[in-house]
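Presented below is the structure to which this report refers.
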Amino acid sequence: MNHALTQLQPYPFEKLRALLAGAQPPADKRPIALSIGEPKHKSPDFVARALADNLDQLAVYPTTLGIPALREAIAAWCERRFGVPGGWLDAARHVLPVNGTREALFAFTQAVVNRESKGLVVSPNPFYQIYEGAALLAGATPHYLPCLQEHGFNPDFDAVSDDVWQRCQILFLCSPGNPTGALIPLETLKKLIALADKFDFVIAADECYSELYFDEDNPPPGLLTACAELGRSDFARCVVFHSLSKRSNLPGLRSGFVAGDADILKSFLLYRTYHGCAMPVQTQLASVAAWNDEAHVRANRDLYREKFAAMLDILGPVLDVQRPDGGFYLWARTPGDDQNFTRELFAQQHVTVVPGSYLSREVAGENPGAGRVRLALVAPLAECVEAAERIRAYLQGQPA
Ligand SMILES: Cc1ncc(COP(=O)(O)O)c(C=O)c1O
């Protein structure tokens with residue numbers, strides 16, 4: 001067997017199951033899960049119809065590169081959304097469809113890491129666990145940058161040593177972040193691109209929450225915005241990861257894309273051809289419809305906005321919690337230990353959240369997720385409100 005498999009950590013939900021095993025939540029309270037980050041709003045009907053209308057494509061082997069119509073729709077979306085000048089993103093060379101960002105983040109790491117040089121894969125901490133597992137299975141060493149409140153829940157990139165940048169092969173960014181919801185400012189993205197040039201590493205920007213933001217007039221910038229503003233028309237060393245899962249409430253469609261540096265994508269395409277992860281043509285055609293429409297995405301944001309407002313109204317006075325820059329999580333400070341909070345909340349109120357320490361790694365005795373919990377606002381509004389009321393009741397029942 002591959003020995004690297006033994007280095008993989010149990011997934012946070014496995015730890016959560018173990019933590020809650022044996023607890024006896026009140027039977028008269030229906031369970032409310034704020035734990036899993038699975039979008040629950042309705043998938044758009046027109047996408048479902050596009051999928052159904054193209055089922056004859058089941059008879060066709062899809063290509064790894066995907067159909068031009070999808071790559072063109074994605075390139076056009078990137079131009080509209082991130083201010084990329086027309087003609088910079090050549091749909092034939094700068095865009096690849098992927099079956100959701102999860103598989104893409106994993107596969108990308110396998111394609112990019114040079115095993116010989118014992119390099120680092122640098123990621124935020126807390127982080128989406130795939131970055132770590134992908135690094136370990138690619139033979140690299142994960143290096144974690146704490147995301148603390150005093151730095152706006154982003155890594156303090158200025159504190160990273162030249163030695164770390166020297167050994168860095170991939171820098172993972174997650175903006176807006178899971179679980180913190182923090183957005184990486186445009187100026188920081190530009191500085192990171194300069195560092196990538198200086199130390200020759202690849203920036204892999206996981207932007208799968210980029211469409212869940214609050215101000216309709218100010219969509220948050222991404223790594224492509226930084227490239228556009230820098231005049232970096234070749235997107236050198238920059239690759240972005242996007243998905244329809246959160247944007248369009250289509251987690252089951254398994255559809256996303258990577259875009260950026262054409263040389264890197266050429267090698268990634270080669271890797272993917274062997275890996276065997278072409279997107280079915282009917283999925284591609286349904287994805288074209290989704291990328292071409294923004295009305296459903298605006299409606300989706302409205303629903304999250306409503307839920308954030310309602311939950312923060314209830315929780316704000318009793319819990320240290322702020323509205324994030326984007327995404328659909330609250331990253332709340334717990335009055336004591338996060339595992340204890342999670343277990344007791346479940347046992348007393350039948351509400352499930354994720355301990356922050358399960359989403360982060362301890363480095364030098366510090367776990368930046370400790371003392372926090374992640375609340376996913378995916379359930380319908382009424383259920384989110386009920387969960388917030390139960391959390392408040394739990395907190396008010398606690399000794400001061
Ligand atoms: C930060 C982050 N990246 C990537 C993913 C993967 O999403 P998908 O594979 O559905 O695009 C998730 C899913 O929860 C996530 O939270």
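List of remarks:
- Positions within the range 39-71 being of a type in the set (A, V, I, L, M) and surrounded by 16 or more Cβ atoms within 10 Å (Cβ to Cβ), in sequence order: V47, A50, L51, L65, I67, L70
- The range 82-105, residues that are free of Cβ contacts under 8 Å to residues at least 40 places away in the same chain and under 25 Å from P39 (Cα atoms): R102
- Checking I36 against (1) outside any loop (DSSP other than H, G, I, E, B); (2) outside the structural domain of F241 (by TED's automatic domain parsing), the condition it does not meet: (1)
- Count - residues of the range 134-185 that are of a type in the set (D, E, K, R) and surrounded by 15 or more Cβ atoms within 10 Å (Cβ to Cβ): 1
- Taking first residues from the range 317-337 that are under 15 Å from A376 (Cα atoms) and in the same structural domain as T180 (by TED's automatic domain parsing) and partners that are modelled with pLDDT of 95 or more and among the hydrophobic types (A, V, I, L, M, F, W, C), no Cβ contact under 6 Å between residues at least 6 apart in sequence or on separate chains turns up.
- Verdict on D197 being surrounded by fewer than 16 Cβ atoms within 10 Å (Cβ to Cβ) and in contact (Cβ under 8 Å) with a residue 12 or more places away in the chain: yes
- Flag: A76 does not match the condition of being within 25 Å of V239 (Cβ to Cβ), within 16 Å of the ligand (Cβ to nearest atom), at pLDDT 95 or above and not in a loop (DSSP other than H, G, I, E, B).
- P176 falls short on exactly one of the conditions (1) under 22 Å from F108 (Cα atoms); (2) more than 13 Å from the ligand (Cβ to nearest atom), and that condition is (2).
- Screening A140, A159, A134 for residues that are touching a helix residue (DSSP H, G or I) at 6+ places or on another chain (Cβ under 6 Å) and either at negative phi or modelled with pLDDT of 95 or more (or both) leaves exactly one candidate, A134.
- Whenever a residue of the range 244-261 is touching a residue at least 12 places away in the same chain (Cβ under 8 Å) and more than 8 Å from the ligand (Cβ to nearest atom), its partners that are in a loop (DSSP other than H, G, I, E, B) and hydrophobic (A, V, I, L, M, F, W, C), lying with C-beta atoms within less than 6 angstrom and at least six residues away or across chains, give the pairs G260/F235; D261/F235; D261/A236.
- Residue count for the range 98-155 satisfying the condition of being among the acidic types (D, E), under 16 Å from the mean Cα position of the chain (by Cα) and under 23 Å from A364 (Cα atoms): 1.
- Of all residues making up the range 109-147, the number that are in a helix (DSSP H, G or I), away from the ligand (no atom under 11 Å from the Cβ) and touching a Phe, Trp or Tyr at 6+ places or on another chain (Cβ under 6 Å): 2
- The residues of the range 199-231 that are more than 16 Å from the ligand (Cβ to nearest atom), in a loop (DSSP other than H, G, I, E, B) and closer than 28 Å to L250 by Cα, listed by number, are F214, D215, E216, D217, N218, P219, P221.
The values are calculated or read from the model by the stated rules, or taken from the named source; none is laboratory data. Everything numeric here is computed off the predicted structure, so don't read it as measured data. Heads up, the Cβs are rebuilt from the backbone with ideal geometry, glycines too, and the neighbour counts pull from every protein chain shown.
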